[in-house]
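J.: What follows is a single structure, and I will ask about it in a moment.
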Amino acid sequence: KRATLALLRDAPAETLDGISIRLEANIELPEEAAEALAAGADGIGLFRSEFLFMGRPDLPSENEQYQAYASVVKAMEGRPVTIRTLDLGADKSLDGDITVATNPALGLRAIRYCLANPEIFRTQLRALLRASLHGHVRILIPMISHMHEVHATREAIEQACASMDADGVAYARNISLGAMVEIPAIAIAIEPFVETLDFLSIGTNDLIQYTLAIDRGDSEVADLYDPMHPAVLRLIAHTINAGERAGKSVSVCGEMAGDSTVTRMLLGLGLTGFSMHPQQLLDVKNEVRQAHSNALRVKVASALNRAERIDLAALSG
Ligand code: PEP
Ligand code: MG
């Protein structure tokens, strides 16, 4: 089976009815860019930058970050590289961080943490803007829940630019800025986000957790962690539709995107961008190439309108 999948590497990710699908890779470390390329990824859809910060006593310097980001950007040879700003907190924390929040998943994490620690954020933004001189960088903000966080992020980017202007440091301007859709509130009230931002990426891992009030890491309630819950699918559909109307790209970068048993369902929701672990890419491409996107959209929309569970078996063949 592996050998047949390998033949797929250079085949286009296109549905039977001619819809072109972007298949990108999720990476945690710069070295993994090679694996993404080997799998034929169209780009990096999610670089989880926090892994550069974890498991060490100090913070990575601007130069160290710049080298790491630039190495991925160069390796991807012009393909888009979506770098998520620091997503610390909850399941991912800094060494020696002894903060004990009552509800860490609802606490000072991700963009909230970065806006509360402007020095750390500015160092990362400077490194990202410098790295984008070498190719196509897109900045992705995690855990956005309010529009004012988008404005504050843009301001932080402007301040990072001003500080580099003052230092005479070269960087690329007009970098694209997108947000993770992983908090139900923004999926529900998506319009200002889709208008203001350049792209959206749906983080289903957290979106499911927050929609169903199920801790994604708690095995005692793991059976209730249900990616196929109609409420979750409606939030995904709503986000995709808003992106379509506004002409902005929307992808999914949570685990669902790499699960080939739900590829048809996601195509039926209208999804045209998937980002996943490189090892899952060819299986997903295989599904895409055998699917009829418009037929799936009709079936999935009618089930979602009735908030019915989608029967995956009825979508195949
Ligand atoms: C997600 O929440 O779906 C996601 C992709 O981010 P992470 O798993 O790193 O929280
Ligand atoms: Mg997340």
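J.: Principal axes first, then extents: for the Cα atoms of the chain, list largest minus smallest coordinate on each axis, whole Å, largest first.
T.: Principal-axis extents of the Cα atoms in the chain, largest first: 59, 44, 36 Å.
J.: What is the fewest-to-most order of V181, V73 by other Cβ atoms lying within 10 Å of their Cβ?
T.: Exposure proxy ranking, most exposed first: V73, V181.
J.: How do 23-31, 110-118 rank on mean C-beta neighbours within 10 Å, highest first?
T.: Packing proxy ranking, top to bottom: 23-31, 110-118.
J.: Would you calculate, for the chain, the mean residue ellipticity at 222 nm contributed by helices, counting each DSSP H stretch of 4 or more residues as -39,500 (n - 2.57) and dividing by all residues, to the nearest 500?
T.: -12500 deg cm²/dmol
J.: Looking at the calculated P(r) for the stretch 33-182, what percent of the C-alpha pair distances fall above 22 Å?
T.: Value for the stretch 33-182: 39 percent of Cα pairs lie more than 22 Å apart.
J.: Based on C-alpha coordinates, I'd like the Rg and Dmax of the stretch 104-226, in Å.
T.: Cα-based Rg and Dmax for the stretch 104-226 come out at 16.3, 54 Å.
J.: Moving on to the next point. Using +1 at the Cβ of each Lys and Arg and -1 at the Cβ of each Asp and Glu in the chain, identify which of L296, L129, I310 lies farthest towards the dipole's positive end.
T.: After comparing all options, I get L296.
J.: Considering just Cα atoms, how many Å³ per residue does the convex hull of the stretch 110-161 enclose?
T.: Cα-based convex hull of the stretch 110-161, divided per residue, equals 69 Å³.
J.: Got a sec? How would R84, R56 order by Cβ neighbour count within 10 Å, fewest to most?
T.: Ordered from fewest to most neighbouring Cβ atoms within 10 Å, R84, R56 come out as R56, R84.
J.: Now for a different question. Beyond 20 Å, what share of the Cα-Cα pairs of the stretch 62-151 is found? Please give it as a whole percent.
T.: The calculated P(r) of the stretch 62-151 puts 41 percent of pairs beyond 20 Å.
J.: Among D226, D17, D259, which comes first, then next, by fewest other beta-carbon atoms within 10 Å?
T.: In order of increasing Cβ crowding within 10 Å: D17, D226, D259.
J.: On to the next question. With bins 5 Å wide starting at 0, give me the P(r) of the stretch 1-61 over every alpha carbon pair, in whole percents.
T.: Binned Cα distances yield the sequence 4, 16, 19, 18, 16, 10, 7, 5, 4, 1, 0.
A short reminder: the numbers here are calculations on the coordinates, not readings from a lab. Bear in mind that the values here come from a model prediction, so they are computed numbers and not experimental data. So basically every Cβ, Gly included, is an ideal-geometry build from the backbone, and we count neighbours across all protein chains shown.
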